[in-house]
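The values are calculated or read from the model by the stated rules, or taken from the named source; none is laboratory data. Just so it is clear, the structure is predicted and the values come from calculations on it, not from any experiment. No Cβ is skipped: glycine too gets one built from the backbone with ideal geometry, and neighbour counts run over all protein chains shown.
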Amino acid sequence: MIFTKEQRVFLALTTVFISLLVVSNVIAVKTVSIGGLIGPAAVICYSLTFAVTDTISEIWGRKTTQFLVLLGLGAAVLSALFIRWAIVMKGSPFWENQEQYELILGSNLRIVIASLLAYIVSQTHDVWAFHFWKRLTNGKYLWLRNNLSSMVSQLLDTVIFIVVAFYGTGAPMWTMIVGQYLIKLGIAALDTPLVYAMVGFIKKRVLKG
């Protein structure tokens, strides 16, 4: 099978999206400090998924992007299942790092559910909001729909994940929500040039090429 240039670019963006999503779920267990704010190590990695979906939404439309979001959900569930399987498998006689392995990769069921729920709600909203603003502005102002859709979606993602994952645990949820969201808000604003660059490249070099 020979792929067209457009199909190759779409597959590349799909690969980037799913890779960012799966890696985010693996590295999120570590917390980091960015500008004095505390957030998961995956905050930048995951935030970039919204730049990819906004680019695909702009070029290929809502239904295609919704399908990509579902593919991402499937990839996240599949990776979580295989990670769990690897944890419970009996180690070889000379394997001595089971405790550390499980500590890093063995997120409890509540964290996994929180992550998946936050993902599907925020990404679905992002696709809907992007096209809502696109219709409202008659297809103008890409920067506006990119920022408005991503910023609200990131808020939904942060609140849902923190509340579902940590409610009742005594964790400082409000501090965690504010810190993570401020980091994501900055990334959402900074990714606008990236979205413009990707959309411009695809329209000029791929669709017209």
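Against the numbered list (1) touching a helix residue (DSSP H, G or I) at 6+ places or on another chain (Cβ under 6 Å); (2) modelled with pLDDT of 95 or more; (3) farther than 22 Å from residue 40 by Cα, residue 121 comes up short only at (3).
Residues considered: 77, 52. Of these, the only one that is in contact with a Leu (Cβ under 9 Å, 6 or more places away or on another chain) and at pLDDT below 95 is 77.
If you go through segment 1-10 and keep only what is assigned to a helix (DSSP H, G or I) and either surrounded by fewer than 17 Cβ atoms within 10 Å (Cβ to Cβ) or touching a Gly at 6+ places or on another chain (Cβ under 9 Å) (or both), you end up with 5, 6, 7, 8. May I ask you to verify whether residue 160 is within 15 Å of the chain's Cα centre (by Cα), within 18 Å of residue 114 (Cβ to Cβ) and surrounded by fewer than 21 Cβ atoms within 10 Å (Cβ to Cβ)? So residue 160 fits the description; yes. Applying a threshold of 6 Å to beta carbon distances and a minimum spacing of six or more residues, or different chains, the list of pairs starting in segment 136-151 at a residue that is under 15 Å from residue 199 (Cα atoms) and ending at one that is of a type in the set (A, V, I, L, M) and surrounded by 14 or more Cβ atoms within 10 Å (Cβ to Cβ) reads 146/195.
Across segment 74-102, the qualifying residues are those that are among the hydrophobic types (A, V, I, L, M, F, W, C) and exposed (fewer than 11 other Cβ atoms within 10 Å of the Cβ), and the one among them that is farthest from the chain's Cα centre (by Cα) is 94.
Checking each residue in segment 137-184 for being out of contact with any strand residue (DSSP E or B) (no Cβ under 6 Å at 6 or more places or on another chain) and among the β-branched types (Val, Ile, Thr) picks out 137, 152, 158, 159, 160, 162, 163, 164, 169, 175, 177, 178. Selection of segment 177-199 for residues being assigned to a helix (DSSP H, G or I), crowded, with 17+ Cβ neighbours inside 10 Å and not β-branched (Val, Ile, Thr) yields 179, 180, 181, 184, 185, 188, 198.
Would you point out the residue of segment 49-73, among those that are farther than 13 Å from residue 16 by Cα and hydroxyl-bearing (Ser, Thr, Tyr), that is nearest to the chain's Cα centre (by Cα)? Only one residue fits best here, namely 65. For residue 152, are the conditions met, namely being of a type outside the set (Gly, Ala, Ser) and over 22 Å from the mean Cα position of the chain (by Cα)? So residue 152 does not fit the description; no. Scan segment 11-48 for residues that are in a loop (DSSP other than H, G, I, E, B) and within 10 Å of the chain's Cα centre (by Cα) and the total you get is 1.
Listed here are the residues, each with its yes/no results for (1) free of Cβ contacts under 8 Å to residues at least 40 places away in the same chain; (2) within 18 Å of residue 146 (Cβ to Cβ); (3) out of contact with any Pro (no Cβ under 7 Å at 6 or more places or on another chain); (4) surrounded by fewer than 19 Cβ atoms within 10 Å (Cβ to Cβ).
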residue	(1), (2), (3), (4)
14	no, no, yes, yes
29	no, no, yes, yes
34	no, no, yes, yes
41	yes, no, yes, yes
51	no, yes, yes, no
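A count restricted to segment 151-172 and to residues that are out of contact with any Leu (no Cβ under 9 Å at 6 or more places or on another chain), assigned to a helix (DSSP H, G or I) and not β-branched (Val, Ile, Thr) stands at 5. If you go through segment 98-119 and keep only what is closer than 28 Å to residue 154 by Cβ, touching a residue at least 12 places away in the same chain (Cβ under 8 Å) and part of a helix (DSSP H, G or I), you end up with 104, 105, 110, 111, 112, 113, 114, 115, 116, 117, 118, 119.
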